[in-house]
1. Find the helices (runs of 4 or more DSSP H) located wholly in the range 245-339 whose residues include 1 or more that are assigned by TED's automatic domain parsing to the domain that holds K232 and modelled with pLDDT of 90 or more, and list them.
2. Filter the range 226-263 down to residues that are out of contact with any Gly (no Cβ under 9 Å at 6 or more places or on another chain), of a type in the set (K, R) and either in contact (Cβ under 8 Å) with a residue 40 or more places away in the chain or surrounded by 18 or more Cβ atoms within 10 Å (Cβ to Cβ) (or both), then give me how many there are.
3. Taking the conditions exactly as written (among the aliphatic types (A, V, I, L, M) and in contact (Cβ under 8 Å) with a residue 12 or more places away in the chain), does L91 satisfy them or not?
4. If I ask for residues that are of a type in the set (G, A, S) and within 20 Å of K65 (Cα to Cα), which ones from the range 104-150 would you list?
5. So which pairs qualify, if the first residue must be in the range 270-286 and among the small types (G, A, S), the second must be modelled with pLDDT under 90, the Cβ gap must be under 7 Å, and the two must be at least 6 apart or on different chains?
6. Counting just the residues of the range 290-324 that are aromatic (F, W, Y) and surrounded by 14 or more Cβ atoms within 10 Å (Cβ to Cβ), which one comes out nearest to the chain's Cα centre (by Cα)?
7. Six or more apart or on different chains, Cβ under 6 Å: which pairs go from a residue in the range 113-142 that's surrounded by 18 or more Cβ atoms within 10 Å (Cβ to Cβ) to one that's not in a helix (DSSP H, G or I)? Could you list them?
Amino acid sequence: MPKKLKKSKLKKKASVPVPDPTEEPQTDQEILSNPAPGQQSDQGIMKKKKKKQQKLTKEEKKLAKLEKASKEFQSNTDEYERFLDRMDVWLKDHHRLAMEIFTAYDMSGRGILSSEDFQLGMKDLGIPCVEVQLHILTKLLDHNNNGSIDYVELGTGLQKARFQDSKAAYADEGEDLDEGNKGEDGTEEERDPTEEIESVLEFTKEKLEPCAVCQLGLWKPLQTDRRFIFVKLRLITFDNVKSHPGHFEEVVRSSIKVYGLIKRIREYVGIESTKLKIFKDKTCSQQSFLPPGQSLEECGFAGGPRQSPYLATLYYDYTVDFHDSPIVNCDHYFGFRGQ
């Protein structure tokens, strides 16, 4: 029996690992990375902690859904353009009513409201759009991306917002083209003028739609290239004032008549005078006067594409119509005194 006890003690002693003097001692980092069996490593704990993400609030979740729905709606170009046209007309028609409502909310009198107040005001006016479309409209009118909207400029509709949006898209396309012309080192590659340019002309034959009665081909009207002008209209009397209700901006076609501009000034500012004139500069001379019967293109303003329209600043002035009073002109009382 005592011999068996000695053997068991020897077995227990043999189970204890004996360190090898030739091996280098383990560092603290290796000990942590190779824990004893049954113990959890710190690296696994750190990975689990990294996987945990911050929970979004209800407002953040709602905003994320609106942004996703906005991108899906804007991806349909035709429907998105129809929506912008409809909102442009609606804002111009309800500009004065919106001014009355927003002026009551604007305590500072600067003509600026927050995005939340603007959306509430639009809902009170009964704007014909859903919540996603109202979110897109608010972002378009927030030119500085600071959550504030200038409600004084609503009379111009979405012309300015569309111009800035198309200008940004046009600039992005230009940057992509510039990056495509750059070499591996970042510098622009010089093209050899002697290189042959491949012909890109395609010979196509026009297909005419046949008439339902005589089966002859019907000619379509000539499609002219539409040109646009970004016009800044300023009232000469208050030209030194930076922001005045008489100053506004609008994108128009180059084929518009000067009389059409006069009509838009009357609608926007509310001037009822029949003696309203538009000039090229502030001199108000006969040389700078724009005849109402001519178009802007005929007056020397060459338009540009819709993405980057031609910029022009025009000045207008008017005189108040004065009609003599019929009571003052009546000589009945003067004649009565003479008798």
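The values are calculated or read from the model by the stated rules, or taken from the named source; none is laboratory data. Every value quoted in this text rests on a predicted model; they were computed, and no experiment measured them. Methodologically, a virtual Cβ is constructed for each residue, glycine included, from the backbone with ideal geometry; neighbour enumeration extends over all protein chains shown.
1. The qualifying helices (runs of 4 or more DSSP H) are 258-269.
2. 1
3. yes
4. The answer is S115, G147.
5. If the second residue must be modelled with pLDDT under 90, the pairs left are S273/Y318; S273/T319; S273/V320; S273/D321.
6. The initial filter retains those residues of the range 290-324 that are aromatic (F, W, Y), namely 301, 310, 315-316, 318, 322.
Next, only the ones that are surrounded by 14 or more Cβ atoms within 10 Å (Cβ to Cβ) stay: 301, 310, 315-316, 318.
Numbers: F301: 26, Y310: 19, Y315: 27, Y316: 28, Y318: 34 Å.
Ranking the candidates gives Y310 first.
7. L113/I149; F118/I149; L141/I149
Table: residues versus (1) modelled with pLDDT under 85; (2) in a loop (DSSP other than H, G, I, E, B); (3) in the same structural domain as V269 (by TED's automatic domain parsing).
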site: L63; (1), (2), (3): yes, no, no
site: R82; (1), (2), (3): no, no, no
site: R96; (1), (2), (3): yes, no, no
site: T103; (1), (2), (3): yes, no, no
site: G109; (1), (2), (3): yes, yes, no
site: E116; (1), (2), (3): no, no, no
site: C129; (1), (2), (3): no, yes, no
site: I136; (1), (2), (3): no, no, no
site: N145; (1), (2), (3): yes, yes, no
